[in-house]
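The values are calculated or read from the model by the stated rules, or taken from the named source; none is laboratory data. Bear in mind the structure is a predicted one, so any value in this text is a computation, not a measurement. Neighbour counts run over all protein chains shown; Cβ positions are idealised from the backbone, glycine included. The protein model used for the area step is the full one, side chains on, heavy atoms only, and it has no ligands, DNA or RNA in it. Shrake-Rupley method; radii C 1.70, N 1.55, O 1.52, S 1.80 Å.
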Amino acid sequence: MDESRRTLLRGAAYVSALGLPPFVKAALNPDPAKSTARVTPFPLEAVRLRPSPYLTAVESNGVYLLRLEPDRLLHNFRVSAGLPTKGAVYGGWESESLAGHSLGHYLSACSLMFAQTGEAQYRQRVDYIVAELAQCQSAHGDGYVAGFTRKRGDVMEDGKAIFPEIAKGDIRSFPFALNGAWSPLYTLHKLFAGLLDAHEYCGNATALKVAEGLGRYLDGVFSKLSDEQMQQMMACEYGGLNESFLQLYERNTDARWLAIARRIYDHKVLDPLARQSDELVGLHSNTQVPKIIGIARLHELTREAPYGTAARFFWQTVTQNHSYVIGGNADRESFEAPLSKYVTEQTCEACNTYNMLKLTRHLYQWQPDAAYFDYYERAHLNHILAQHDPDTGMFAYMMPLMTGARREFSTPFDDFWCCVGTGMESHSKHGDSIYWKRRDQLFVNLYIPSELTWKEQGATLAMRTDYPFAGDVIFETTQLEQPRTFAVAFRIPGWCESAGLMVNGRPATTHRQGGYSTVRRRWVAGDRVELKLAMGLRAEPIRDDADLVALMYGSMVMAADLGSASDPFEGAAPALVGATAADAVGSIGKSMNTGSASRPMNLQLKPFFSQYDRRSAVYFPRLTEGEWQAQQSALKAEQARVADLEARSVDVLRLGEKQSEHDHVLKEGKSETVLYRGRTGRWARNGTSFEFRMRSSNEPLALQATYWGKQRNSRFKIFVDGLQVAAESMDGGGPITFVVRNYRLPHEVTKGKPFVVVRFEPEVNAGAGPVFGCLMCPVETVTVTT
Ligand SMILES: [Zn+2]
């Protein structure tokens, strides 16, 4: 780092002690699991939301939940049980082998929504679905109930067929396929979670019975497997199935459930975490987070230290090393490093954050340090709220952080992605985790307008605020049966440099500890607390690059608004330019207008979460004027070089672009288009392939293909007019850039032909490509690779 950069950092409005986001410090504290008096969240039914973007999200989500028809979500469950169906199956993933996962999420969402709003219509739906599931289970007669399927060729069969095979030791396990079904144990975890939520939030006793019946069925399968076979099976995503068995154990203390939960332990991923070794890069994030939630619960129930160590280390590693400024993690669903090189259009799957918030709640219970809620608030506000468009009630899967990218939202009845499922739940429970308690102490962790009923104290408390847009919070004891002495601890966010607290208009005596400012006094009805959290704009560097910054106002990520999502963004990615970062940020100030601090244009900063239908810029390179000019010249030179090569080529194909593929008579097979960092391409999964026509000529030619250097599990052959001309193998070892390969073609294959057919074909259990473009060029215009 040169001297000017160091000055930039020192001058930044925000510098954390370790160069890490402030929420990390909690994880560095010693063993929290020893505390006997746990802090616990208030139940959802004790919290009612008042107008804010959070209440709007709950209301919008409620409209969507009521548009969905339980009989359609139950379709595959009835088919599986041999019962006549009452509604057509939904589209998207519900028509795929993963079918049934949405019903589990829906049961959870309606249960949470009942607890959050008290509206009986949600409980009625829960009761109806549980009764239907009980009927399906009884028709099966052996405890089984599920809706997932298995594809055999083009025929869908009931997924139950996999279990007799597995019980016999016939286990075919891949990351997302178990004996040919798409993540079936993941789907069963969602069903368990739905049933257990119906029991917990709606008091539906049948739901627990159905869950126990299904648990016994799975026990019958798992008990026939050796520990080695269990490990083999768990190579396929299994969600938080361990947690489900622990929840059964908590509810009736039958030791068999605990024994099963202990066996659902993926040594390959969890052992390194217990050793505090970060081996997460390349792993699929949402396959792992639910396992860790189960491990955290296992630690709570058994008090065995390695489980707690693994859970804490995972949380610490993910929040420190793998999280972006919005609190989300992973690119293209997998953990990657260094983070600054993975700011793309496929960052931050919503499910990952939904699960990280659950994990954070566990760790906070072990040690109520406010820093956990600094992370929680960041992710809840800037990612979860961003993934749900309140105008349409639809959900985003990824939260793209690449400059100029836009969010892609679900459709009501034809997607049913995983993130639609977790989204239905997330936006049913925004009252969750605002308030916590320990004996006579109340913890206020999130500043969300709401009313709390604290039964033990005979108190009703209300919070009014425009937070996160402003830092003033008013907290009142609206009702109190009689004067009571208790403590109220207000979280002071890590970024907040000064906080004032007044009670009934006078400065209050407070106690500062663990990130809280606590007032202990004798309260009477009508007491009023005014909390003032000083807010300002600050720059926060990404984990590994001090010169790539995001801008924050308090807890809110501020992004540049680059225009409507329906218009393409084709300009240069903006940068902050100035002598120091403090200059740049300081000149933006309250106007939220970058003015002369940005290139190539003035930028209007707006809360990122609410840019539902906009194109945004979240991260900005920090450059000097000279660096900005040099960067622009280099970009222009590269564009000119590519244009020159294309002009001298015999043919140019842009894979993934409709017109270009059509012009080249593409036969796509079952291959798919992809978008990597603004470039379209085409990818053939295992068992598929694609081919297209390229112009030829009499001179000796080379075929140029462009790939992604870090591509994993891609092994394939290239044929030209039926002759193999190359074989490629890529497994994450290349550079973090696009790479080109130039293959010299045997002259006799191309000579004298107007066209040749180029075919990409994957090896068994691998993919081909993605290929981002192909050129047919005179061999002397390129450097031949092979
Ligand atoms: Zn998801």
Residue, farthest from the ligand (Cβ to nearest atom), within the range 274-287, restricted to residues that are in a helix (DSSP H, G or I) and open to solvent by less than 10 Å² (accessible area, probe 1.4 Å): SER285
Could you please give the count of residues in the range 68-96 that are open to solvent by less than 20 Å² (accessible area, probe 1.4 Å) and of a type in the set (D, E, K, R)? 2
Give me the strands (runs of 3 or more DSSP E) completely within the range 502-615, filtered to those with at least 2 residues that are at pLDDT 95 or above and more than 27 Å from PHE373 (Cβ to Cβ), ordered by residue number. 556-564
Could you check the range 201-227 and list, in sequence order, the residues that are in contact with a His (Cβ under 7 Å, 6 or more places away or on another chain) and outside any helix (DSSP H, G or I)? none
Of all residues in the range 341-385 being among the basic types (Lys, Arg) and within 24 Å of GLY282 (Cβ to Cβ), the one that is nearest to the ligand (Cβ to nearest atom): LYS358
Would you point out the residue of the range 165-193, among those that are without any contact (Cβ under 8 Å) to a residue 24 or more places away in the chain and under 14 Å from ARG150 (Cα atoms), that is most open to solvent (accessible area, probe 1.4 Å)? ARG172
Could you please let me know if ARG759 is over 27 Å from HIS284 (Cα atoms), open to solvent by 70 Å² or more (accessible area, probe 1.4 Å) and part of a strand (DSSP E or B)? yes
Looking at this structure, is GLY308 within 16 Å of the ligand (Cβ to nearest atom), in contact with a helix residue (DSSP H, G or I) (Cβ under 6 Å, 6 or more places away or on another chain) and either within 17 Å of LEU185 (Cβ to Cβ) or open to solvent by less than 10 Å² (accessible area, probe 1.4 Å) (or both)? no
Would you mind stating whether ARG152 is in contact with a Gly (Cβ under 9 Å, 6 or more places away or on another chain), modelled with pLDDT under 95 and open to solvent by 10 Å² or more (accessible area, probe 1.4 Å)? yes
Could you list, ordered by first residue, the pairs with Cβ atoms under 9 Å in which the first is in the range 599-617 and on the phi > 0 side of the Ramachandran plot and the second is buried (at least 20 other Cβ atoms within 10 Å of the Cβ), at least 6 apart or interchain? none
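Here's the yes/no breakdown for (1) β-branched (Val, Ile, Thr); (2) open to solvent by 60 Å² or more (accessible area, probe 1.4 Å); (3) at positive phi:
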| site | (1), (2), (3) |
| --- | --- |
| TRP683 | no, no, no |
| PHE692 | no, no, no |
| SER696 | no, no, no |
| ASN713 | no, yes, yes |
| PHE719 | no, no, no |
| LEU723 | no, yes, no |
| PRO735 | no, yes, no |
| ASN765 | no, yes, yes |
| CYS777 | no, no, no |
